[in-house]
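A quick write-up on the structure given underneath.
The values are calculated or read from the model by the stated rules, or taken from the named source; none is laboratory data. As the structure is a prediction and not an experimental result, all values here were calculated from the model. With ideal geometry, Cβ positions are generated from the backbone for all residues, glycine too; neighbour counts draw on all protein chains shown. Just so you know, the surface numbers come from the protein's heavy atoms only, side chains and all, with ligands and any DNA or RNA stripped out. Shrake-Rupley method; radii C 1.70, N 1.55, O 1.52, S 1.80 Å.
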Amino acid sequence: MRAAVMGSPIGHSLSPYLHRAAYHAMGLGGWSYEAFECDEARLPGLLAELTPVRGQAGAGADAWAGLSLTMPLKRAVLPLLDTVSETAVEVGGANTVVFRDGRRHGDNTDVYGIEQALAEAGVPAPRSATVLGGGATAASTLVALRNLGLFSATLLVRDPARAGETAEVAERLGVALAVETFDKLDPLTGVDLVVSTLPGGAADVFADRLARVPALFDVVYSPWPTRAATAVRAAGGTVVGGFEMLLHQAVRQVRLMTGVTEVPVEAMRAAGEAEILRRSVSRTG
């Protein structure tokens, strides 16, 4: 069986290391996992080229089982799917395509990844939260927070006019969302949890303010720790990194694609951490 990750850029993706480690530990010698550079314009054609898919008439052992999707494909893939899970509908994006019965089924495992990462770090269900950034990961964060029982949050963005899709997600969820600009830093104080969905180092300018929060979830995984994460940890707060989210969403993807419930989480964790270390050494060396 075959699987792959698609997105643009894709060279940095850890998904091949995580999924291949799972296949190896599970004894799935006939499974492979590739990485394809793909933007929104190429997505329909590339999806059509993936044949045969599992469950299709005449499909053999070399059929396609599923795909992991990263930016900018999570929203673009929705109209190309036969069915979409409730979670993917709520988020407004699918990061997973599972081929079953010859059809394309979309799902979103980012929400699960966020929930598991917070639980693993011992972060309790927050009574208040602020989310930095308004992209696809912010949308998944709102669904995860709703699942944890939080029905109001603050979103800090550079331009509120560009946070429309995330605001629509909040409306679908019944979550009251206050959208503010980054210069309004008061929402960073007095909340139980801050989730930064900003790219690497972008939240570091808020490090002094973030140091006051009980818990920070920074979706960056390399370079790690970020200055913001270091500030929170030094002040006694709990820090959750992006690798934990990436790991657990991949665990969920492996379950969906293989149909196997028992997935080797620690083998995947070790493979991902080893690759992050290798890249860090390569940069500094």
Report summary line: Calc'd 3J(HN,Hα), segment 114-130, phi into Karplus 6.51 cos²θ - 1.76 cosθ + 1.60 (θ = phi - 60°), Hz, glycine/Pro = x, comes to 5, 4, 5, 5, 5, 5, 4, 7, x, 7, x, 4, x, 8, 7, 8, 10
**Report entry** Percent carbon-and-sulfur accessible area, segment 1-140, ignoring ligands, DNA and RNA, probe 1.4 Å
**Finding:** 51
Report summary line: Magnitude of the Cβ-charge dipole (Lys and Arg +1, Asp and Glu -1) of the chain about the Cα centre, nearest 20 debye, reported as 320
Report task. Quick one: what are the phi-derived ³J(HN,Hα) couplings along segment 262-272, Karplus 6.51/-1.76/1.60 with θ = phi - 60°, whole Hz, x for glycine and proline? Result -> 7, 10, x, 4, 5, 5, 5, 4, 4, 5, x
Report summary line: Any residue on another chain or 5+ positions along whose placed amide H is under 5 Å from the amide H of VAL240 is listed here as LEU216, PHE217, ASP218
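Calculate, for GLU120 and VAL281, the FRET efficiency according to 1/(1 + (r/R0)^6) with r their C-beta to C-beta distance and R0 30 Å; round to the nearest 0.05.
Using R0 = 30 Å, I get an efficiency of 0.70.
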Query - segment 29-180 - Kirkwood radius from inverse mean 1/r over Cα pairs (Å) - result: 16.8
Report task. Run the dipole for segment 149-202 about the Cα centre, Lys and Arg Cβ at +1, Asp and Glu Cβ at -1, nothing else charged, and hand back the magnitude in debye, nearest 20. Result -> 80
Report task. Using the Karplus curve 6.51 cos²θ - 1.76 cosθ + 1.60 with θ = phi - 60°, work out ³J(HN,Hα) for each residue of segment 99-109 in order, rounded to whole Hz, and write x for Gly and Pro. Result -> 8, 8, 6, x, 10, 9, 10, x, 9, 10, 9
Query - Relative contact order (%) - criterion: Cα under 8 Å, at least six apart; region: the chain - result: 17
Report summary line: Averaged per residue, the 1.4 Å probe accessible area of the chain, protein heavy atoms only, in Å², is roughly 44
